[in-house]
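*Asks:* Would you mind keeping the following structure in view while I ask a few things?
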Amino acid sequence: MGYQTERRRRQIRHKGRMMTLSRVNGNPISLIAYAAPPATAALEVGVSIMPFAAETLNDELAAASYGVPRNGDILTDGNREYTLTDAAPVYDGRMLCGWKLIAAGGT
């Protein structure tokens, strides 16, 4: 495990919060993800039009045998529900260490 993976793990565990991820017709899995607070400009325009981005570790997805996050998956943060529009893998060298989940919605 590389330095980047350990650094990412510490940040997500320290600043992250519990969220759930599920397929449209699947069972949800709980995971810890970090989503940066919206920028001041986004708050003035309206958060509902901004994409929601959360970073998570691959460990939790692999442990739950979830597989690769894909478009249409549902990400729930508290009482807000988002639909994934993109999932970008994050690598530490050749090792997959996490995912950046980009979503829309927030209803």
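*Asks:* Quick check on my filter: what residues within segment 66-88 are assigned to a strand (DSSP E or B), within 16 Å of Leu31 (Cα to Cα) and not β-branched (Val, Ile, Thr)?
*Replies:* Leu75, Asp77, Arg80, Glu81, Tyr82, Leu84, Ala87
*Asks:* Looking only at segment 89-107, which residues are surrounded by fewer than 17 Cβ atoms within 10 Å (Cβ to Cβ) and under 10 Å from the mean Cα position of the chain (by Cα)?
*Replies:* Passing the criteria: only Lys100.
FYI, it's all coordinate maths here, none of it is from the lab. The structure presented is a predicted model; accordingly, all values stated were derived computationally and were not measured. Every residue, glycine among them, receives a Cβ derived from its backbone with ideal geometry; neighbour counts consider all protein chains shown.
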